[in-house]
């Protein structure tokens with residue numbers, strides 16, 4: 001049996017050996033992902049949505065390939081795109097976020113063959129990059145090769161998430177495949193019992209120099225004391241869960257939390273989603289087929305169903321039964337003396353595609369006194385995802401985790417039969433919305449200790465909190481609120497012009513978008529960073545945000561800001577937010593009467609391309625408003641792509657000179673540029689004071 005290659009050790013002095021390892025890892029992953037789509041029976045299967053909350057599968061076939069290109073562009077490893085339309089279309093729309101664009105009317109999906117051809121172009125490019133890019137040291141968070149490994153691990157994540165969508169597809173759209181063999185072991189489940197877990201301290205620490213690749217939420221430090229508790233020996237099996245179904249668990253509202261009850265009532269669920277009742281016989285839907293119910297396999301449910309089962313068991317037994325916390329799962333891992341998946345032999349777990357392309361009996365893989373501490377199916381926990389101490393976002397993927405710090409995404413632990421690469425590591429931290437389905441089930445614990453709830457609601461990311469204050473907070477040193485001042489200038493410049501649609505491009509946390517909505521019928525805010533626009537989304541949906549501000553050292557102030565206090569509550573329905581790349585916007589973002597690009601151009605990787613194409617997004621007679629302090633930095637824009645700020649033909653060439661040169665083909669400068677000041681608070685005693693030059697351009701052709 002050939003083992004699916006493990007996530008590589010990135011620390012080695014043999015650089016050419018590491019290069020070859022990553023070369024194999026890339027092709028190994030790319031091949032396996034494409035093989036997954038061989039389970040589809042026809043082209044139509046690519047275009048019918050398995051579930052309304054996700055894109056059709058054609059998106060996911062393209063998404064992982066475009067991810068490589070978009071990240072390598074940002075990293076500067078490549079300078080030219082392969083297919084800008086694909087690299088915009090397939091970029092965003094993976095999770096059920098408010099800023100995800102899942103509207104079918106916005107997409108004209110390409111043919112399956114076109115996407116396969118595109119993937120081959122990407123494969124050739126990545127292969128060449130791996131073979132030619134210098135590699136002289138171990139790979140860490142800051143290394144130029146990090147985005148290459150990031151792209152591979154990202155595709156391995158989607159190997160799993162796409163398999164879940166295939167499982168949710170209509171059965172006639174899928175077919176069994178010899179490379180995806182299911183377990184053939186059935187039978188009755190063992191009777192579950194409880195195992196005592198002694199109290200202990202857990203310590204987690206992962207540094208950016210770690211030998212394995214990691215996602216942002218894995219890094220940092222965390223310690224916790226875990227009191228004694230008892231854990232179910234096995235994962236909850238289909239047979240054990242059947243007792244809950246027979247007891248009317250799906251009919252009794254008292255077992256369900258408010259959010260879970262709303263989901264149950266909306267979905268009309270009567271039993272687990274993958275269970276099928278035919279002629280009084282139970283069957284189980286697997287990825288590509290239906291089988292007679294394997295009662296000894298773990299039940300697969302979402303968080304709400306797992307939580308309801310625990311509440312039912314609490315009432316039935318009189319004992320305090322709940323899901324384990326993330327910390328308690330780590331305690332089980334330590335007690336079972338587990339280690340990472342071995343490189344050269346099959347895992348002692350239904351993990352990493354080493355055994356089956358399905359779950360297997362809950363009694364098959366023993367880990368100390370417990371079974372399936374890792375593998376078989378993911379395990380829901382009580383813990384909403386949150387950052388460890390020392391958390392930082394990677395500049396190439398700042399929205400991997402931060403949009404999920406919302407109390408709505410709970411951590412799942414342990415991995416499933418298809419989890420591979422980074423997903424199998426002890427340090428892996430993946431979270432999903434509570435109503436989502438993965439290959440996930442649960443075990444339960446008995447304890448009187450309430451689950452610890454980490455604070456995920458106050459935004460503590462320093463830069464994001466500074467921008468929240470910059471947009472919605474106090475004014476400092478007599479300097480007016482910057483986004484509001486820009487919106488006022490923009491509205492004045494519109495005079496008697498149409499005011500139907502406005503685009504706030506580089507909207508950050510969205511204050512200007514709301515201010516523009518006082519004048520325009522519809523305002524679209526777009527920003528590259530999902531963690532920024534998430535604050536705007538919170539304000540639009542809830543009317544308020546909370547965040548922390550650094551006072552000094554570790555001392556912070558807690559702030560709450562409401563749109564109603566800013567006179568903006570009655571316009572929020574006119575505002576929508578999307579994640580997007582200003583240098584490669586989706587086609588539907590066009591027909592605007594105003595485009596505001598505030599402090600954006602000196603943060604773009606290709607500002608000339610943006611300016612050369614922006615007129616296509618604007619109506620004739622519309623206004624383009626550009627503001628910038630012109631702080632060109634190599635970390636954002638290569639010097640050869642700067643618009644100005646250098647000597648040209650022996651003379652000083654300013655950014656304004658560059659703007660005039662590029663925009664004159666389609667715009668006229670409406671008035672003399674003006675400076676608008678802004679102040680960003682860093683701490684109680686440190687402020688950043690800057691001037692942004694504002695230019696207004698009318699599209700004339």
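The values are calculated or read from the model by the stated rules, or taken from the named source; none is laboratory data. Just so we're clear, the structure is a prediction, and the values are computed from it rather than from any experiment. All Cβ positions, even for glycine, are placed from backbone atoms using ideal geometry, and neighbour counts span all protein chains on display.
Can you find a residue that is touching a residue at least 24 places away in the same chain (Cβ under 8 Å) and either under 18 Å from residue 669 (Cα atoms) or buried (at least 17 other Cβ atoms within 10 Å of the Cβ) (or both) anywhere in region 644-652?
no
Only residues that are touching a residue at least 40 places away in the same chain (Cβ under 8 Å) and part of a loop (DSSP other than H, G, I, E, B): list them for region 180-197, please. I'd like the intermediate steps shown before the answer.
First pass over region 180-197, keeping only residues touching a residue at least 40 places away in the same chain (Cβ under 8 Å): 180-183, 185-190, 192-195, 197.
Within region 180-197, 180, 181, 182, 183, 185, 186, 187, 188, 189, 190, 192, 193 meet the criteria.
Does region 41-53 include one or more residues that are crowded, with 16+ Cβ neighbours inside 10 Å and within 30 Å of residue 604 (Cα to Cα)?
Checked against the condition, which is being crowded, with 16+ Cβ neighbours inside 10 Å and within 30 Å of residue 604 (Cα to Cα), region 41-53 yields no hits at all.
Just to check your reading of the model, which residue among 643, 594 is part of a loop (DSSP other than H, G, I, E, B) and either outside the structural domain of residue 92 (by TED's automatic domain parsing) or under 24 Å from residue 79 (Cβ atoms) (or both)?
Going through 643, 594 in turn, the sole match is 643.
For region 396-422: of the residues being touching a strand residue (DSSP E or B) at 6+ places or on another chain (Cβ under 7 Å) and modelled with pLDDT of 95 or more, which is nearest to residue 287 (Cα to Cα)?
By that ranking, first place goes to 416.
Can you tell me how many residues in region 366-395 are surrounded by fewer than 20 Cβ atoms within 10 Å (Cβ to Cβ), modelled with pLDDT of 95 or more and either in a loop (DSSP other than H, G, I, E, B) or within 15 Å of the chain's Cα centre (by Cα) (or both)?
Count: 2.
Do we find that residue 425 is over 15 Å from the mean Cα position of the chain (by Cα), under 28 Å from residue 72 (Cα atoms) and assigned by TED's automatic domain parsing to the domain that holds residue 352 in this structure? Write out each step before concluding.
Values: over 15 Å from the mean Cα position of the chain (by Cα): yes; under 28 Å from residue 72 (Cα atoms): yes; assigned by TED's automatic domain parsing to the domain that holds residue 352: yes.
Criteria met by residue 425.
Would you check if residue 607 is buried (at least 21 other Cβ atoms within 10 Å of the Cβ), more than 22 Å from residue 522 (Cβ to Cβ), in the same structural domain as residue 526 (by TED's automatic domain parsing) and free of Cβ contacts under 8 Å to residues at least 40 places away in the same chain? Spell out how you get there, then give the answer.
Values: buried (at least 21 other Cβ atoms within 10 Å of the Cβ): yes; more than 22 Å from residue 522 (Cβ to Cβ): yes; in the same structural domain as residue 526 (by TED's automatic domain parsing): yes; free of Cβ contacts under 8 Å to residues at least 40 places away in the same chain: yes.
Here the answer is yes, as residue 607 does meet what is asked.
With the requirement that a residue be under 30 Å from residue 38 (Cβ atoms) and free of Cβ contacts under 8 Å to residues at least 24 places away in the same chain, what does region 245-280 give you? Show your work before the answer.
Of the residues in region 245-280, the ones under 30 Å from residue 38 (Cβ atoms) are 272-276, 278.
Passing the criteria: 276, 278.
Look at residue 412 and say whether it is within 30 Å of residue 180 (Cα to Cα), without any contact (Cβ under 8 Å) to a residue 40 or more places away in the chain and buried (at least 23 other Cβ atoms within 10 Å of the Cβ).
Answer is yes for this residue.
Residue 231 - would you say it is in contact (Cβ under 8 Å) with a residue 24 or more places away in the chain, within 21 Å of residue 322 (Cα to Cα) and either surrounded by fewer than 18 Cβ atoms within 10 Å (Cβ to Cβ) or touching a helix residue (DSSP H, G or I) at 6+ places or on another chain (Cβ under 8 Å) (or both)?
Values: in contact (Cβ under 8 Å) with a residue 24 or more places away in the chain: yes; within 21 Å of residue 322 (Cα to Cα): yes; either surrounded by fewer than 18 Cβ atoms within 10 Å (Cβ to Cβ) or touching a helix residue (DSSP H, G or I) at 6+ places or on another chain (Cβ under 8 Å) (or both): yes.
Yes: the conditions hold for residue 231.
Can you tell me which residues in region 516-544 are under 20 Å from residue 591 (Cα atoms), in contact with a strand residue (DSSP E or B) (Cβ under 9 Å, 6 or more places away or on another chain) and in contact (Cβ under 8 Å) with a residue 40 or more places away in the chain?
516, 517, 520, 521, 522, 523, 524, 525, 526, 527 - these are the residues of region 516-544 that are under 20 Å from residue 591 (Cα atoms), in contact with a strand residue (DSSP E or B) (Cβ under 9 Å, 6 or more places away or on another chain) and in contact (Cβ under 8 Å) with a residue 40 or more places away in the chain.
May I ask you to verify whether residue 332 is farther than 23 Å from residue 208 by Cα, surrounded by fewer than 22 Cβ atoms within 10 Å (Cβ to Cβ) and touching a residue at least 24 places away in the same chain (Cβ under 8 Å)?
Against the criterion (farther than 23 Å from residue 208 by Cα, surrounded by fewer than 22 Cβ atoms within 10 Å (Cβ to Cβ) and touching a residue at least 24 places away in the same chain (Cβ under 8 Å)), residue 332 does not qualify.
Within region 672-701, restricting attention to residues that are without any contact (Cβ under 8 Å) to a residue 60 or more places away in the chain and not in a strand (DSSP E or B), which residue is farthest from residue 655 (Cα to Cα)?
The qualifying residue farthest from residue 655 (Cα to Cα) is 672.
Could you list, in sequence order, the residues of region 647-667 that are over 18 Å from residue 618 (Cα atoms), at pLDDT 95 or above and over 38 Å from the mean Cα position of the chain (by Cα)?
Selection gives 652, 653, 654, 657, 661.
Would you say residue 91 is surrounded by fewer than 18 Cβ atoms within 10 Å (Cβ to Cβ) and on the phi < 0 side of the Ramachandran plot?
no
If we scan region 656-663, do we find a residue that is surrounded by fewer than 18 Cβ atoms within 10 Å (Cβ to Cβ), in a strand (DSSP E or B) and touching a strand residue (DSSP E or B) at 6+ places or on another chain (Cβ under 8 Å)?
No, region 656-663 contains no residue that is surrounded by fewer than 18 Cβ atoms within 10 Å (Cβ to Cβ), in a strand (DSSP E or B) and touching a strand residue (DSSP E or B) at 6+ places or on another chain (Cβ under 8 Å).
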